[in-house]
Amino acid sequence: MMKRVFQIGGAIVLLLLAIFVLARCSNGGASEYQTSTVTRGAITEAVTATGTLNPVVNVQVGSQISGNIQKLFVDFNSPVKAGQVVAEIDPAVFQAAVLQAQGDLDNAKAALELAQVTQKRMVELVAKQNSSQSELDQANAALHQAEAQVKIKQGALQKAKVDLEHCTITSPIDGIVISRSVDVGQTVAASLSAPVIFTIANDLTKMQIDAAVAEADIGGVDVGQKVDFTVDAFPRRTFHGAVTQVRNAPTTVQNVVTYDTVISVNNADLKLKPGMTANVSIIGAHRDNVLKLSNAALRFRPPNAAPAVSLGGRSRSKPGEQQTGRTVYLVRGSKPAPVQIKTGISDGIFTEVLDGLKQGDGVITAMIGKETTAAQRSNNPIAGGGRRF
């Protein structure tokens, strides 16, 4: 009986040992590696940036003179035409100035008439030798001074009239008022700089985005490229535009250099408002129905692996033209096997595969066995960011 019990116990121990060995072998095989399947689909390489929506033509209407705002004829969102009166400054002071300048001019003209009569009389007296030549010279000088005074007073009158005309402020363009900075009764002071009274946008159906593109990405931006962008006001809608200008003037903020990229936008439905922040994707290249794999597979390296061999240098000449030789790993038996591939464009998450893999291949992206160290996990993330440009 005891012998029978020992036999059964031994069989159970052997069975448990066999299960343990099989589990160890299973962990040492393909199950140690996390893989990503090579699939087909569309891939888009883009430069990302942020920018501000602005009207294409944005005019600030100010005042050249100082005074109190007497009337306002338009308000926010008011449509205006070129030459339309939009505001009026109290003209009383300037009307008085015109009146005074007119009086000064009349006085100068009267002095001129007297100088002309005096000079004519002196000419006759000198001709009859009843007066000296010096008195005639003085009469001529007085005449010229009187003529000059008339011109001075004419200029002062003209300036006073221009100032009076500036009391009436008109719109320089057709458009819509997007900002009003003053109220009736408010005093505007134009002694140092022209105060802004209105901001008028020419046409809100055509807008532009001024996007700040980093210097590392500006090489992938060209005039004419298509642009997709979103705004926080419409998070489920994608708007479209096109690059119209890449300005050469750099902007440096905290040692970060960016370049202003102007993007034209059609705003026919007037959903977009001036000042909105746009999250921009400038499309450099697009591929449909191509092989693609996760970027994590490009970063995976098994322990003690030899340095990756590059089949070709990466070209940054234009988006979509670069080809890079990379090494990835497939599971062959119980070990990762290196495979040389050629890659194309990348959207930051997936990379186009030009050669070396086929659809359905499982490419290793990470190790998940017990042997994985913290350092290996950090060097082989599951999801990849890949650099965009």
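Which one is modelled with the highest pLDDT among residues in region 211-224 that are surrounded by 19 or more Cβ atoms within 10 Å (Cβ to Cβ) and touching a Gly at 6+ places or on another chain (Cβ under 7 Å)?
Checked region 211-224; the qualifying residue modelled with the highest pLDDT is Ala211.
Only one of these is exposed (fewer than 15 other Cβ atoms within 10 Å of the Cβ) and either aliphatic (A, V, I, L, M) or assigned to a strand (DSSP E or B) (or both): Thr238, Thr230. Name it. Give the steps one after another, and end with the answer.
Values: Thr230 fails: exposed (fewer than 15 other Cβ atoms within 10 Å of the Cβ).
Within the list Thr238, Thr230, the selection yields Thr238.
Determine, yes or no, whether Gly83 is in contact with a strand residue (DSSP E or B) (Cβ under 7 Å, 6 or more places away or on another chain), modelled with pLDDT of 85 or more and more than 30 Å from Phe239 (Cβ to Cβ).
Numbers: in contact with a strand residue (DSSP E or B) (Cβ under 7 Å, 6 or more places away or on another chain): yes; modelled with pLDDT of 85 or more: yes; more than 30 Å from Phe239 (Cβ to Cβ): yes.
Here the answer is yes, as Gly83 does meet what is asked.
Looking at the structure I just gave you, is Ala111 closer than 30 Å to Ser294 by Cβ and among the aliphatic types (A, V, I, L, M)? Outline the logic, then answer.
Values: closer than 30 Å to Ser294 by Cβ: no; among the aliphatic types (A, V, I, L, M): yes.
Answer is no for this residue.
In region 310-340, which residues are at pLDDT 85 or above and either assigned to a loop (DSSP other than H, G, I, E, B) or of a type in the set (Val, Ile, Thr) (or both)? Spell out how you get there, then give the answer.
Keep residues of region 310-340 that are at pLDDT 85 or above, which gives 325-331, 336-340.
Thr327, Val328, Val331, Val339, listed by residue number.
Pairs please, first residue from region 270-299 and farther than 20 Å from Gly360 by Cα, second anywhere and buried (at least 17 other Cβ atoms within 10 Å of the Cβ) and of a type in the set (D, E, K, R), Cβ atoms under 8 Å, 6+ apart in sequence or on different chains.
From region 270-299, the pairs are Ile283/Glu45; Gly284/Glu45; Ala285/Glu45; His286/Glu45.
Every residue, every condition in (1) loosely packed, with under 12 Cβ neighbours inside 10 Å; (2) modelled with pLDDT of 90 or more; (3) under 30 Å from Val85 (Cα atoms); (4) aromatic (Phe, Trp, Tyr), yes or no:
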| site | (1), (2), (3), (4) |
| --- | --- |
| Leu17 | yes, no, no, no |
| Arg24 | yes, no, no, no |
| Ser31 | no, no, no, no |
| Val38 | no, yes, no, no |
| Ala46 | no, yes, no, no |
| Gly62 | no, yes, yes, no |
| Ile65 | no, yes, yes, no |
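In region 63-104, which residues are part of a helix (DSSP H, G or I) and either under 37 Å from the mean Cα position of the chain (by Cα) or not acidic (Asp, Glu) (or both)?
Let us first name the residues in region 63-104 that are part of a helix (DSSP H, G or I), namely 92-104.
The answer is Ala92, Val93, Phe94, Gln95, Ala96, Ala97, Val98, Leu99, Gln100, Ala101, Gln102, Gly103.
The values are calculated or read from the model by the stated rules, or taken from the named source; none is laboratory data. Computed from a predicted structure; not experimentally measured. Backbone-built Cβ (ideal geometry, glycine too); neighbour counts: all protein chains shown.
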